[in-house]
Structures are given as structure tokens and as C-alpha cells.
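Taking it in order: structure first as C-alpha cells, then the write-up.
The values are calculated or read from the model by the stated rules, or taken from the named source; none is laboratory data. Here the structure is a predicted model, which is why all the values come from computation and not from measurement. Every residue, glycine as well, gets a Cβ built from its backbone with ideal geometry; the counts of neighbours run over all protein chains shown. For accessibility, only protein heavy atoms count, side chains too; no ligands or nucleic acids. Shrake-Rupley method; radii C 1.70, N 1.55, O 1.52, S 1.80 Å.
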Amino acid sequence: MKVAALSKRTGRRGFVKSMAGAGAAILAGPSPFGATEQGQTPRSTAPRRATGLPARGEYLVRNGHILTMDAGLGDIPGGDVHVRNGDIIAVGKNLKAPGAQVLDASHMIVLPGLIDTHWHMWTTYLRSMAADSAEQGYFPLTTKYGQAMRPIDMYRSTRLAAAEAIFSGITTANDECHNVRSHDYAIEDIRALAETGVRARWSYGAYRGIPPTEPRNLADFEALHKDWSAHSNGGLISLGYIWTGIGSTTSPVPPERFEMSRKEIETARRFGVPISVHLSARENTPPGWVEALANEGFLGKDLLLIHALSTSAAEMKLVAAAGTSISVSPGSELRIGYGLTKAGDFDAAGINVCVSVDTTPLTGNAHLFGILKLLRNAENAQAFDEFKFTARRALEFGTIHGARALGIDHLTGSLTPGKRADLILVRTDGLNMGVFTDPAHLLVEATEPSDVDTVIVDGRILKRAGKMTALDPAEIIAGASATLEEVTKRLA
Ligand SMILES: [Zn+2]
């Protein structure tokens, strides 16, 4: 019988014994990148916490088909998960947890919540609006509308994204906020995340329409970092930095392009804040870029490369050696014409590959199971091989690899005692899911967001029996609709 309990693993994971203070517990464990964690750690002032979210309770998820995504624990058919005060206490069969509320998981697959690693959540009110001509494509669309937004519009749009994340089984998102037009835009965007209860990295970016030579507002970034405990929702939201990148379309990269970059990267690293950078289409990221980043000392475990479709085989070795992760977003990459994913090659080179939504003006929705399906099918198509890429590997990309990429695999990404309770229950008795066969195949090939029955983030039940428990979808959609209407009027 496979039973793993928190007490057996506290030593290995280095978790604090007392779990009374959830805020303390979620911040316990080793520093993800070996740097200081000032950017993530609440300091002396008490963190401001979201109100209106369900309390963290004690639950026994009973008799589910459990995919722990923990290599040591494997799958547990007919298994249980014991959750208390936001912690995974035990995973196994026939667990005893007197007093715990039982969540019946018969006919359900239980797995860690999905982890998105790159999502411009503020663009969500422009869902499916990227249109069919050069003037109406994704970049002109988001630049035009982004420039006419007010801080409240960031809040309304990102709140819709975070609610959709929870609805779709995504328990952690990396909100790449690249429309920080002033400090207030940042504050409102972060507030939206905090109110929904999702686990997140909030990544500080530039703004739509920024002149290419304008330096980034590092003073504003520093101010947010200093005051981060006021925004972190008790530690659920950490701070990240979106590096502009070297912004050149030539190869080799002119040396002056590195000056601004060095300042940005050094600032983020001085604060111990993890960094992400877009290396987008092949045509504007020529081969040789990743090598240039390596030569400058920019690669590292704290750096997340996004798309990176022009990376050569030699460069992949450099990325793997540096411990740098790559986030692939086949939903948007295929749609915008960046080309077929190289996820399989990255994986074979030993790189930690994770997945992302990117932006719903292009992807339509945040259906991360569907994005894993696209990834897997694109890999098999390129290889002319039915067996090239497994559903199980896709699920690893969507869970534990995402946690590693964000430096939070000591907290989430697998159902491991001692980690925080981010888990989802997926119904298998719907018409699109029956008959129950192979659970990993069903998740990647058949599951829709509406099949996600229950979503628990940090021990809070945020979706139950297919319904949001704390958020009002109609009110959230009405807010985002009002934003579209108002921004459109402003542009007229
Ligand atoms: Zn992006």
C-alpha cells in the first residue's frame, strides 16, 4: 500500500513543523534559485490578504484515481489525499482523517493543478479579437487597446483571466503584465489576482507602445519589490521581472543592445527576483541569440525563455547546462504562425520544458489540457510517429515542470506530502469522458474545462461540483465587457 505522509518527508523538504500559520508555511522551504527571496517574502508588516475567499479547511479526497506526478509516488487508483490548513498531509489508500470533510472522488481523476508559465492576463477582454489582416493582428490590436486602458481595466481583464484559470484547472499562473503604464496599473492588476485566490507569479513588464530606446522604469519596479508584502496575498503571489530582451533583429547582436539589458538583469538579480524573456518568432530572433545571452552571463536557473523557436541544437545544450527553462505556448505559436513547437527537441536536450497560455486574443481560451494536446500532436506530426511523445510527458510539462520553471516545485506541481494543496478533480463520467480508460490519455485528449469538477488552491476550494465557489462569473464578465465598451469609446 502506498502511503506517504507529511511526517516522513518533513526532513527532506525542509518544511516548518508548525503549520498553524499558513502564510509562514507557504514560504517555507529552500530558496528556489539560491538567491535572496526578498521579492517573495513578507517582511515585518502583516501581509494584506484577500477577503471573501473560502477558509482553508481539512479535507479527505476519497477514492479517486490519483496521478501524483511525483516520481516516487506514481499513480494510486482508488487513492485518497488528506489536506489540512493548506498542506498536503498524506497521499495513499484508506487514509484515516477523522473530522475531515470527505470529498468523494469516485469517477474522478485527481492530479496537481495545472501550471501556466506565461500569460498576458490583461489582454483577456480582447478574447478572440486578433483578426485577419496585418492592421488587425495581435500586436497592433493589443497596442491600440492597451494604450487606452485605465488601471481599473487592468483589474477587470486580469480578474476574468484568473477566474478562467481556476475554472479550467490552472492553479498557478505567471501573469506577464506588459502594460504597466504607471504604478497604479501594476497595483490594479495584482489586486485582481489576489481577489481570486489563484497562486501566481506577477511579472513586471513594460507597456504597450513603449519607444524601443526608452529605458525601463526600474525605480517603480524597485518600489513594488520593497513593498511586496503588501501585495503578495499572504505569499500566494510572488514578484517576477519581464526583461525587455535585446530587441534587435540583426545577428550578431550589436553590443550597445546589451547595456540596457545588463542593468535590468542586474537589478532583478540583486533583488532575487526571477526573470523571463520573449524570444519570439524565428524572423525577429535570429539563430545565435541564445548563444549571445550565454556569453553575457544572462542564462541561469532564474531565467525563463519564452517560445525560443530559433534555438539551435548547440544553443539547447547551453540552455540545459545553465538550468534555464523554456516555456512553449503551442496554442498561440501555431495560431500566430511562429511555427511548430520544438518542445520535443528541448526536452531531449535536457531542458526543463513547461507550457503557457500566452494570450486569449489568439488562443480563444485558457484550456491548458487542450494546449497540451496541441503540443503532443504537433510533436508526433513532425516526427511522423504515433509514439514520439507521450500524454504522460505532456502532463509533466503542465504540472511539475511548470513548478520547477517558476522555482516553486517545493510548494506545488505534484501531490507530495509537505507541499501546498493545489489539486484538481476531473470528472470521468461525462459523455465526452466515458468510458474510463487510460487517465493520462483522457486528460490530454478528452478533458474540457467543464470536466474540472473541483479546484483547490493552497487549501481553499475555489471550484466545486463544476461551479465557482467564491467568484461570480456573470459579474466578472460584465466588468470585462464594460472595459471593452469603455476602451472602444475612448479610441473612437
Ligand atoms: Zn507572450
query: Which distance in nm do the two modelled labels at ARG464 and GLU222 give, with both placed 7 Å along the Cα-to-Cβ direction?
result: 4.7 nm
- line: Sorted list, accessible surface of protein heavy atoms, 1.4 Å probe, largest first, for ASP175, ASP227 is ASP227, ASP175
- prompt: How much mean residue ellipticity at 222 nm does the chain get from its helices, if each DSSP H run of length 4 or more adds -39500 (n - 2.57) and you divide by all residues, to the nearest 500 deg cm²/dmol?
  reply: -10000 deg cm²/dmol
query: What trypsin sites (Lys or Arg not before Pro) does the stretch 260-362 have in DSSP loop regions with at most 16 other beta carbons within 10 Å?
result: ARG282
- line: quick note, the chain, DSSP beta bridge pairs, % antiparallel (nearest 5) is 45 percent
- prompt: Which ³J(HN,Hα) values, rounded to whole Hz and listed in residue order, are derived for the stretch 206-213 from phi using the Karplus coefficients 6.51, -1.76 and 1.60 in 6.51 cos²θ - 1.76 cosθ + 1.60 with θ = phi - 60°, glycine and proline given as x?
  reply: 7, 9, 5, x, 4, x, x, 9
query: Once a ≥ b ≥ c are taken as the square roots of the eigenvalues of the Cα gyration tensor of the stretch 100-242, is the result rounded (a/c under 1.5), prolate (a/b larger than b/c) or oblate (a/b not larger than b/c)?
result: oblate
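Taking loop as defined by DSSP and a crowding limit of 13 other beta carbons within 10 Å, which chymotrypsin sites (Phe, Trp or Tyr not before Pro) in the stretch 386-492 fit?
Passing both the DSSP loop test and the Cβ count: PHE387, PHE436.
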- line: For ALA348, placing the label point 7 angstrom along Cα-to-beta-carbon and taking the stretch 382-418, residues whose amide nitrogen sits under 12 Å are 382-385, 388-389
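Need the full-extension length gain, ASN94 to ARG262, defined as separation in residues times 0.36 nm minus the C-alpha distance. One decimal, nm.
55.0 nm
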message: Shape verdict for the stretch 85-150, please, from the Cα gyration tensor: rounded (a/c under 1.5), prolate (a/b greater than b/c) or oblate.
response: prolate
- prompt: Which helices, taking whole DSSP H runs in the chain, have alpha carbons extending 18 angstrom or more along the helix axis plus mean Kyte-Doolittle at least -1.0?
  reply: 151-167, 183-196, 368-383, 473-491
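Would you please give the FRET efficiency between ALA148 and ALA230, computed as 1/(1 + (r/R0)^6) with r the Cβ-Cβ distance and R0 = 35 Å, to the nearest 0.05?
0.80
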field: Simple spin-label estimate for ALA55 and ALA321 in nanometres, 7 Å along Cα-Cβ
entry: 5.5 nm
- prompt: Rounded to a whole number, what is D in µm²/s for the chain from Stokes-Einstein with the Kirkwood radius over alpha-carbon pairs (10 °C, 1.306 mPa s)?
  reply: 70 µm²/s
message: Given points 7 Å out from each Cα along the Cα-Cβ axis, report the VAL102 to ALA474 separation in nanometres with one decimal.
response: 3.5 nm
